[in-house]
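Taking it in order: structure first as C-alpha cells, then the write-up.
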Amino acid sequence: MTLAASTMVSDGITASATLPEAIPVIAAAGRVQGAIAGWVHQHGAWPWLVVLAVLTLAALGAAWRASATAKYRRADPATAGDEP
C-alpha cells in the first residue's frame, strides 16, 4: 500500500509524491487521533475537566503534605568539624 501526498509549491502548483510503505506509524497515529477526537466529540469537555480537577487537587495535596512534613522533620545533629 502506498500513500499519495500532495504538497503546495510556492507558486500555487500542487506537486504529488508517493510516500513509502514505511509510514505505518503515521497511519496508526492518525487512527489513535481519530479515536480520541471521536470520544471527545461524543462525550464533550466534562470528562477532561474532571480529570484536570482531580490532577490539580492531587498535586496541591502532595505539595501541602510535603510542606507539612518538612515542618516537623528533624535536622541531623550538628557536629563540629564533621566529626561523628
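The values are calculated or read from the model by the stated rules, or taken from the named source; none is laboratory data. The shown structure was predicted, so the numbers you read here are calculated from the model rather than taken from an experiment. Counting neighbours? That spans all protein chains shown, and the Cβs are built from the backbone with ideal geometry, glycine included.
What to note about this one:
- Options A59, A5, A29: the member that is at pLDDT 90 or above, surrounded by 10 or more Cβ atoms within 10 Å (Cβ to Cβ) and of a type outside the set (D, E, K, R): A59
- L19 vs. criteria at pLDDT below 65 and within 30 Å of the chain's Cα centre (by Cα): yes
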